[in-house]
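Engineer: Handing you this structure, nothing more for now.
The values are calculated or read from the model by the stated rules, or taken from the named source; none is laboratory data. Everything numeric here is computed off the predicted structure, so don't read it as measured data. As a convention, Cβ positions derive from the backbone with ideal geometry for all residues, glycine included, and neighbour counts pool all protein chains shown.
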């Protein structure tokens with residue numbers, strides 16, 4: 001056998017011997033330690049219970065293993081108790097939170113019911129106003145008989161909602177009422193649009209008739225009416241006053257177009273002073289005299305309520321005022337006939 005291989009084999013034997021020796025030593029130490037632990041555990045401890053009376057003392061012998069087992073059990077029981085207390089505390093807090101939420105939910109439900117009742121009250125008012133609007137609209141239309149309140153409710157789908165006979169359950173009844181009211185109001189929008197269109201048409205007609213008070217802010221009062229009046233420049237003589245005179249006792253107040261139309265004349269007249277003439281629909285013409293200055297030009301289209309000039313004292317006057325005339329075709333008519341219509345329209 002070569003010398004190098006022989007040395008390797010010898011070294012291998014030495015290492016193997018050391019490993020076997022180490023295992024043997026470790027096994028022996030473990031066996032000794034186990035014996036000592038088992039001996040320690042088997043050793044008994046005596047607990048003496050000595051009463052304060054003359055009764056004999058009681059002795060309890062327990063091994064250390066038993067004491068260790070009792071200690072482990074006690075620790076487990078204490079841990080379980082602490083865990084149960086923690087779970088109970090968390091559950092109690094959760095229950096308190098849920099109770100608070102439930103109380104708040106009851107308050108919210110009460111508020112919802114109050115809101116529902118208010119909504120039903122407002123719906124009843126809406127029904128009343130809707131009845132008035134429908135009556136007016138139908139009075140302007142083909143039918144001569146205004147619908148009853150019950151008919152309007154039935155048509156709008158609100159009668160069952162206001163009567164409240166929808167469900168025996170209060171919450172379900174409130175929800176059904178709210179949903180039904182929302183649906184009914186939504187369904188009534190087309191009818192209200194039709195009524196709005198009718199009223200808009202009426203409004204358009206009203207703006208084509210000279211019925212607006214000609215001084216902005218409804219200022220002034222009539223100092224001379226249409227018709228036979230005493231001539232202010234010739235005492236004792238009477239003449240036909242072709243319009244109405246309105247005074248505010250000052251100059252500069254805005255003069256308004258009393259209807260939609262087109263300005264057909266803007267000029268100075270020796271009698272009327274600065275005057276504006278507007279042609280309207282349906283054969284109406286209006287003229288405004290004694291203006292201090294103009295705010296429109298000939299050929300300009302104006303809407304009812306537009307400023308066309310300012311109150312003045314030009315021409316033949318006894319003081320600052322507006323002379324206002326209305327023609328229907330070629331005939332002069334009393335302007336107050338249409339101003340009273342406007343008043344009735346607003347009421």
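Engineer: Which one of 10, 54 is part of a helix (DSSP H, G or I), modelled with pLDDT of 70 or more and farther than 21 Å from residue 69 by Cβ?
Structural biologist: Of 10, 54, the one residue that is part of a helix (DSSP H, G or I), modelled with pLDDT of 70 or more and farther than 21 Å from residue 69 by Cβ is 10.
Engineer: Residues of region 220-264 being buried (at least 20 other Cβ atoms within 10 Å of the Cβ), outside any strand (DSSP E or B) and more than 45 Å from the chain's Cα centre (by Cα), which ones?
Structural biologist: The answer is 226, 243.
Engineer: Confirm whether residue 268 is surrounded by fewer than 16 Cβ atoms within 10 Å (Cβ to Cβ), farther than 21 Å from residue 207 by Cα and modelled with pLDDT of 90 or more.
Structural biologist: When the stated conditions are applied, residue 268 passes them.
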